[in-house]
Structures are given as structure tokens and as C-alpha cells.
Amino acid sequence: MLPRTIATITPINQPMHGAVTVPGSKSITNRALLTAALSCGTSKLSGALFSDDTIYMMKALNEFGVTVQRTGETNIEVVATGKLHSPSKPLMLGNAGTAMRFLTAAAALADGSVVLDGDKHMQKRPIAQLIASLNTLGIDARCETGCPPCVIKGVGTFPGGKIEVNGTLSSQYISALMMIAPMATCPTTIKIMGGEIGARGYLDITTSVMKAFGASINWQDRDIITISNKPYSACNYHIEPDASAATYFWAAEKLSNGNIAIGTSPAELSQPDAAAYPIIQKFPQMPAEINGDQMQDAIPTLAVLAAFNNSPVRFTGISNLRVKECDRIYAINEGLNRINPGLSSVDGDALLIHGNPGLIGQTHPCQINSFSDHRIAMSFALAGLQVGGIQILDPECVAKTFPEYWTELEKLGAKINFSTTVRRP
């Protein structure tokens, strides 16, 4: 039998007031870490996130022969030569999707074979489309199941040239190729296949980080990117707060009619999930339909908030949520229906939340399976602040991107009890 942690949340019956510390953006931190590692010289990153995902990235880059060390509460120093050396052992990346996708591409620059693997959840996350793009360039890259583990036989260089990549499952495949393109032996042109890409905003983030480190990038069209073979230059780079993490507190503020300061304005955030802010401000009159393709990590927050809306909300453009840390469409639907049967339904890849503001203040004892997904655990905590009897299974999974999440909620007056039970292996 294995131990299992449960977080029992006591509803809060007063407005939530106070200030919280939102960690740095995971998306930006891992992009900055890789570009700094491919630069020649010393880069200093500030505002960085230290969580499971970014620590996996830092440890992996050290295995590649780059010196990456924490120098302060949110500071990282990266000393690099612009070269990657073949690690002496397989890189174990947990369930860190950005680290896996980015380093699978970067492994082509190593001077030898690289094995990249993860936990049982990562071994179900698709990466075949990125592997196929590397293969078309003549790079010996393999993943037997279409998911990690992956084996990349690096030869110390990247050929560049014309690349076609399908980004329908994840924009991270495209970002991964973009970030290694400045290291190529010739200019690179990336053609995005599969039609309009969801989460396009993350490609804009990749572009911004790369330019800060000296890359020359030109978007010829919405689906064609040209990148010069101009090496990166080390620099000092500041990482903005995480917009996905901020959504939980924007929602908690509206649900409780409170006032929560996160230290930055939504208008100052460049991440796609910042687009959730104006939608949250409309609660309890949220739009009847919300297209989530450009703010996918904010959908669990918005969906739980919609459970208390005055009218139904239909979420579309969210098919990619099925291949995140878990099938988030299934997890959200399953969790909401545990709170109150009929609160949610699924129509293909669309999610319909049947808002019921009358649930606020009621007690509906239930256990929410987080599926070890940080965003499911954090978003359903919002429901626990409104409805009595809600327990979150495996709450420690928030360490993936926000280790201090429960502490920050408690600073706002939330009461959370952590207990341990056992489960079968």
C-alpha cells in the first residue's frame, strides 16, 4: 500500500483580501534557460520559477555540460560555451512537457547519443510529430511508442534548411525547433502544417525570448518562420510572473468579492493566459461560449468558475487539453460531476458547464481526482472555497509549477487540512 495525501478545504464565507506572490512564468523560464544554455558566455536570469518543471530543465542542462545554478530566490546564472555534450546517463524529466519537447530538439546539437525519458504520465504524452520533423532533416531520432522515451543521436550540429512541423497537438514542437535554429549551419525556414495553430501566443513568447538573446527571426506569414544562423549572445533577462498561476487568484477574488493583489497588472503580462482576465471579470455573467485555443492552461480555472455562473458556458477549441498532463477535458468533467451530478457534460471535444450559483454555501462531500495534474488540483481548490466537503487528492502535484500554492491560499484566509491515507500500488 502506498501513502496518499488529501487536502480538505474549508469554504470561506468572507471576501478574500491580501497580497500573494505569483511565481515566475514556467513557459518563459524554460525558454530562457535553453537559449541561455545555447549562448556563449554568462547569462543571468531574474524572476525565474523554481518548481519541478524548471528544476528538471536545469538538471538536464547541467548533464549537457552547461553550468546552471541558482544564485538567489528567483535568480539563475547560466555559464555556457554554446556547445552541448552527450550526457553520461538518460535524462529523466518527470512530467515536464516543455523540458521534454525542447530538449528532444536540442539533443540534436549534442556530440553523441541522448536518451530522454519521464514518468508514467510523460510516457503517454505524444512527441512523434517532433521526432518526424527531426527525421526529415536527417537526424537519427526515435521514439518507439510515439511517446517518450526518445533516443536522439546528436552529431554536434543542426543542419537547418527547410523544416515542416505539425503543431496541431502542441505548439511546443514548433518552439523547440525555433530555439535550436540559430545554431544551424545555414538559415532555417519552418513551415507550420496542420492549419491554424492553437496557443499561437506561446510562439510569440518563444520569439521574444530568442530575440532577447540576439536571434534574428522573421515571420513571413502566420505559418512561415525564417531564422538566421546567427548564434545567441549571453545576456541578463527578466522573467515575468506566471499568467496561468495568476488566474486562480483573479477567480478567487471574483468568487469571494474580495481584493487580491498579485503584484502586476494583467496588461503587463505577455502570456496567452492573460486573456482570461477580462472573461473572469464578467463573472457571474460569463459569455455563453468561450474559445480556449489561445489560453489553454486557463481553461480549468474558467471551467470551475463557470460552475457558479448564472448561465451555462460552452468551452470550444480545447481539444489539445486531452494531451496535457492528463486528459483535462475528462478530469474537469469528472470532477465537476462529483460535486454535483449534471453540473458538466462533454460534447466531442467541447465542454459544457451548467452554471449553478446555488451551489455556493452548500455541502457536497466528494473527492476530486487531480490525476496528478497541477492545474486540476489548483483550479478545483476554488470550488472547495465555495462548496463544503471537497477534498483534493494528491495536492502535492502543484509543485510542478507552483510549490507555494497552498501557502498562498492560506495567506488569504483559506483553511486547508492535509491528511494521509493509503492506496494500492
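Only the coordinates and a few stated rules stand behind these numbers; no lab work does. In this text the structure is predicted, and so the values were computed from the model without any measurement. Neighbour counts are summed over all protein chains in view; Cβ atoms, including those assigned to glycine, are modelled from backbone coordinates with ideal geometry.
For the stretch 1-147, the residue among GLY18, VAL68, ALA99 whose Cα projects farthest onto the positive side of the dipole built from Cβ charges is GLY18. Annotation for the stretch 83-105 versus the stretch 353-370: alpha-carbon center distance of 40 Å. Within the stretch 116-205, DSSP assigns beta bridges of which about 35% are antiparallel (rounded to the nearest 5). Rounded is the label for the stretch 26-228, because a/c, from the alpha-carbon gyration tensor with a ≥ b ≥ c as root eigenvalues, stays below 1.5. Antiparallel DSSP bridges in the stretch 26-228: what percent, to the nearest 5? If we restrict to bridges inside the stretch 26-228, about 70 percent are antiparallel. The relative contact order of the chain comes to 21 percent, based on Cα pairs under 8 Å that sit 6 or more residues apart. By how many degrees, 0 to 90 and rounded to 10, does the Cα axis of helix 52-63 deviate from the longest principal axis of the chain? For 52-63 against the chain, the angle is about 20 degrees.
How would the stretch 268-347 be classified by its alpha-carbon gyration tensor: rounded, prolate or oblate, with rounded meaning a/c under 1.5 and the a/b versus b/c comparison settling the rest? Here the stretch 268-347 falls in the oblate category. If a spin label sat at a point 7 angstrom from the Cα of GLN123 along the line to its beta carbon, the backbone N atoms of the stretch 138-176 nearer than 16 Å would be those of 143-151. Think of it as helices only: each DSSP H run of n ≥ 4 in the chain is worth -39500 (n - 2.57), and spread over all residues that comes to -8500 deg cm²/dmol at 222 nm. Loop sites only, by DSSP: take the trypsin sites (Lys or Arg not before Pro) in the chain that have at most 13 other C-beta atoms within 10 Å and name the longest stretch containing none of them. Longest run free of exposed loop sites: 283-425. Note on the stretch 26-228: with charges restricted to the Cβ of Lys and Arg (+1) and Asp and Glu (-1), its dipole about the Cα centre is near 40 debye. Between ALA80, ALA48, ALA245, the residue with the greatest mean-square fluctuation in the GNM of the chain (Cα pairs under 10 Å linked by springs) is ALA80.
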